[in-house]
Amino acid sequence: MSNKQLIFWMVVAMIAPTIWGSTYIVTTELLPADKPLIASVLRALPAGILLVLLGRKLPQGVWWMRSIILGLLNIGGFFYCLFVAAYLLPGGVAALVMSCQPIIVMLLGALLLKNKLKARQFVACLIGALGVSLLVLEPNMELPTAGVLAGLAGAMSMATGIVLTKKWGKPEGVSLYTFTGWQLVVGGLFLLPIGLVQEGFPTELTVNNVIGYTYLSLIGALVAYVLWFKAIEKLPVVTVSFISFASPLSATLLGYFILGEVLTFSQILGAGVIVVAIAVSQQQLFNRTLASPSTDKSLSKA
């Protein structure tokens, strides 16, 4: 993979967490209050059904179980943990707790993909966590244990999903759209009964609600996850994991530009630190790519 191709796929990978960073604004400005699980269902299930109908293929053999596992890890379980953490933890602290995800990806990658652990990437994890903390932390916070555990479970769920997606790939002859659709359907069906019991569907929908749910489903799920899984296919798993730091960065910048929220010095500094963390984590990858342009296969497995 050439250096230009590497940069291209990193930019593609960054689109997904950037879109996910917009979820906060869409939720607060367009959706009914206090129904995050129903929002997750309507985000995942319609997009998944549409992709499956377009692909006209269902899993075969071992891919039934693999699709269920990936759908629960990447979509259903992750969404549930994310919203539990968001309810229990103040502000954007859930993003800080989940910033341990790259470390989990590195450890699982060493275990399941036989990747080598690199000190530079551990340092980048710490730098990234510092950047996220500068974005979201406020003084005198008290963090409930249940919220912290939910955030850690969400990080573990997404990290495991990333590594297994890389390890298993997708079935031969199945498009990425269909593969994504299977996972979105599984995740949506997992969340549906929980959302109905805990929240119930909104009794009335405004035009803004419909716009918000449509955006989350078509852009936040269908487009974002297709790009995300394509990036996992093309890039090393640790690279993809570090790029997820773009999500809290996106949420902060969109709040500034769209909602007129004021950025403090620590938030501006935090944004810069996150960019530095991503650059530090990938410096060796860029050097290796420049030195050996024909190492596409080895790079994709790193």
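The values are calculated or read from the model by the stated rules, or taken from the named source; none is laboratory data. No experiment lies behind these values; they were computed from the predicted model shown. Every residue, glycine as well, gets a Cβ built from its backbone with ideal geometry; the counts of neighbours run over all protein chains shown. SASA here: full protein model, heavy atoms, side chains in, ligands and nucleic acids out. Shrake-Rupley method; radii C 1.70, N 1.55, O 1.52, S 1.80 Å.
Below is a table of values for the structure above.
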| item | result |
| --- | --- |
| Selected residue (only one of 206, 214, 239 is within 30 Å of residue 171 (Cα to Cα) and open to solvent by 20 Å² or more (accessible area, probe 1.4 Å)) | 214 |
| Near pairs, Cβ below 8 angstrom, 6+ apart or cross-chain, from segment 152-177 (open to solvent by less than 20 Å² (accessible area, probe 1.4 Å)) to any residue that is part of a loop (DSSP other than H, G, I, E, B) | 158/244; 163/113; 171/59; 171/60; 174/57 |
| Filter pass, residue 150 being assigned to a helix (DSSP H, G or I), within 15 Å of the chain's Cα centre (by Cα), closer than 24 Å to residue 103 by Cβ and at pLDDT below 95 | no |
| Given (1) assigned to a helix (DSSP H, G or I); (2) farther than 21 Å from residue 130 by Cβ; (3) not β-branched (Val, Ile, Thr), index of the condition residue 256 fails | (2) |
| Criterion violated by residue 105 - all others in (1) in a helix (DSSP H, G or I); (2) over 20 Å from the mean Cα position of the chain (by Cα); (3) modelled with pLDDT under 95 satisfied | (2) |
| Selection count, segment 251-274, where residues are open to solvent by less than 10 Å² (accessible area, probe 1.4 Å) and either polar (S, T, N, Q) or touching a Pro at 6+ places or on another chain (Cβ under 9 Å) (or both) | 2 |
| Odd one out for residue 232 among (1) closer than 21 Å to residue 30 by Cα; (2) open to solvent by less than 10 Å² (accessible area, probe 1.4 Å) | (1) |
| Filter pass, residue 190 being open to solvent by 30 Å² or more (accessible area, probe 1.4 Å), closer than 21 Å to residue 156 by Cβ and assigned to a helix (DSSP H, G or I) | yes |
